Amino acid sequence: MGVMEKIKEIEAEMARTQKNKATNYHLGTLKAKLARLRNELFVEQSGGGGGGGGEGFDVARNGDARVALIGFPSVGKSTLLSRLTSTQSEAAAYEFTTLTCIPGVLNYKGSKIQVLDLPGIIEGAAHGAGRGKEVIAVARSADAILIVLDAGKEGLNRHREILEQELETVGIRLNQRPPDVTVSKRKSGGGVRFASTVPQTLLGPEPEKLVTQILREYKITTADVLAREEITVDQLVDVVVGNREYKPCLYLYNKIDTITIEEVDQLARQPHSIVGSVNKRWNIGDPMEDDLLKAKLWEYLGLTRVYTKRKGSPPDLEEPVILSEIRKGTSVKSLCSNISTQMLRDLNYALVWGTSAKHSPQRCGLNHKLDDEDVVQIVTKTIKQQQLDKSYTSLAQQYQDKHSKKRLEAKKQKQKKLRG
C-alpha cells in the first residue's frame, strides 16, 4: 500500500469516528500518523530536500520583505502585481496566463517589498497538481502571504477554505504563532514525562498517555515535554515534526464590483480580510499612492522605519532604515546589525527619540524595542572602553594585518607599472 492510499484510509477512518472524550485518544493517534505520512509524501515529492523552486521559480531574495500572491487562476493576481509595482505581468481572460514566478518591487514608506506573482493553484496542489509543489515552495520562503480571491465566486466555490487546507497540508500555518511547547529528548531511559503549567482540556482526560503515543509515532521514547499553554493535538504534532512555517496572511477579495453591497459587507467582516477591486481601483491604488492594501501589507509584515542621526546634526529623514519584526526584529541590536557588524561590536549605547522612549532622548541598550519613525543616534565606545574588551588585541592585530596587506598590494602594483 502506497503513502497516498494510507493517507486516504486514515482520513476515511477519521471521518467515520465520532468526536467525544472516549475517542479523543484514538483520533489523536490517527492525526499523528496522518501528519507523519503527509510529511513523508512532501519530502518524497520535493526530492528529499523539502523545497527547491524548479525552473522559473528560483527568484533571488531581495528587499526588506517578501510577499507571495497565491490564489486560483483568473482571480486578478497579475493585474494586482502590475498595479502595486512597475512590473508588467501578462494578464488575459483565460486561465493559467502566468506559468512562472514573476517578481516585482513595491516601494512604500521608504521600504522595498518584493512581491511575487505565482501561477494559479488548484485543488490537490499540495500533492503536486498544477505545479503546486513549486508554488508552495516559494510560499514557504515568503515573509507573508497575500491570498487573492474572486469575490463573485467565493460564495459557491469555497476557494478560501480549499487554499487554507492545501497550505495546511504542507506545513504552512496561517496567522498562527508557534505553540509554547518544549520537547527535550533524553539519552537515558525513563519514558516520556509530560508536564503542563495550565490544564490541558483539549488533550482529553489522560493527556500524558496521548502525548506518549504521539511521540512514539515519531520513534521518540524518552523525552521531557513541557507545555506552557493549552494546546491541541495538531499543535503538539507541529512541535514534534519541527518543520512548520508560521506565516502572516492577508485575504484580498477582488472584483467586488460584481456582487451586491450586502455580500461585500459580509466578506469584509471575515477575519484578516479586506475587499477591493483592482480594475476599479477600490482600496488598491497606483504604485506611488497610499491605499488600504499597502497599509495592511505593511502592518502584516511588521515593518518599522527608523531614522538615524549623527551627533550635532539633524536626522536623515530621506532614507530610513527598515526593520522587520519577522526577520531580525525591531530592536537597537537589529538596527546596528542592519547597518554594519562593526557598529554592533562597538556600540556603547543608543539615544532614542520617539514613541518608544519614555523621555526624549532616552539612553537605551541593545534590547530596546523601536517604534515606527523613531530617531536613533548610535554612540560608540571610546578607545579606552574598547581596550577593556577581551577581543581588542585580536581585532587590532586583524586590522594591522589587513592594512599591511593593502600596502603590500599597492607596492606590487606600483612596481608592476614602473616595469611596464
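So here's what we get for this one:
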{"read-out": "Spin-label zone in the range 341-366 - amide nitrogen under 15 Å from a point set 7 Å from the Cα of Gln386 along the C-beta vector", "value": "341-349"}
{"read-out": "Full-extension gain in nm, Ser86 to Met288, via 0.36 nm per residue minus C-alpha separation", "value": "71.7 nm"}
{"read-out": "Ala15-Asn175 FRET efficiency (beta carbon distance; Förster radius 30 Å; 0.05 resolution)", "value": "0.70"}
{"read-out": "Per residue solvent-accessible surface (Å²) - the chain, probe of 1.4 Å", "value": "55 Å²"}
{"read-out": "Within the chain, helix-based [θ] at 222 nm, where runs of 4 or more DSSP H residues each add -39,500 (n - 2.57), nearest 500", "value": "-11500 deg cm²/dmol"}
{"read-out": "Counting DSSP beta bridges with both ends in the chain, the antiparallel % (nearest 5)", "value": "50 percent"}
{"read-out": "Inter-label distance, nm, simple model (7 Å from Cα along the C-beta direction), Lys358/Asp371", "value": "1.5 nm"}
{"read-out": "Integer Hz, Karplus 6.51/-1.76/1.60 couplings in order for the range 212-228, x for Gly and Pro", "value": "4, 5, 5, 5, 5, 4, 9, 6, 10, 10, 10, 6, 10, 10, 10, 10, 9"}
{"read-out": "Label assignment, P(r) over Cα pairs in 20 Å bins from 0, in percent derived from the structure, set [x] 23, 50, 23, 4, 1; [y] 21, 43, 31, 5, 0; [z] 21, 46, 25, 6, 1, 0", "value": "[y]"}
{"read-out": "Linear extension gain, Asp265 paired with Asn107, 0.36 nm per residue minus alpha-carbon span", "value": "53.9 nm"}
{"read-out": "Förster radius 35 Å - calculated FRET efficiency between Thr201 and Met4, Cβ distance, rounded to 0.05", "value": "0.55"}
{"read-out": "Cut-off under 5 Å, modelled amide H: who pairs with Val105 long-range", "value": "Ser86, Thr87, Val115"}
{"read-out": "Computed E for Ser188/Lys209 - FRET, C-beta separation, R0 35 angstrom, nearest 0.05", "value": "0.95"}
{"read-out": "Karplus (6.51, -1.76, 1.60) ³J(HN,Hα), θ = phi - 60°, over the range 303-317, in Hz, Gly and Pro reported as x", "value": "8, 9, 8, 10, 9, 9, 9, 8, 5, x, 10, x, x, 7, 8"}
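The values are calculated or read from the model by the stated rules, or taken from the named source; none is laboratory data. Quick caveat: nothing in here was measured; it's all calculated off a predicted structure. Positions of Cβ are generated from backbone atoms using ideal geometry, with glycine treated the same way; all protein chains shown enter the neighbour counts. Protein only, heavy atoms only, side chains kept; ligands, DNA and RNA dropped before computing areas. Shrake-Rupley method; radii C 1.70, N 1.55, O 1.52, S 1.80 Å.
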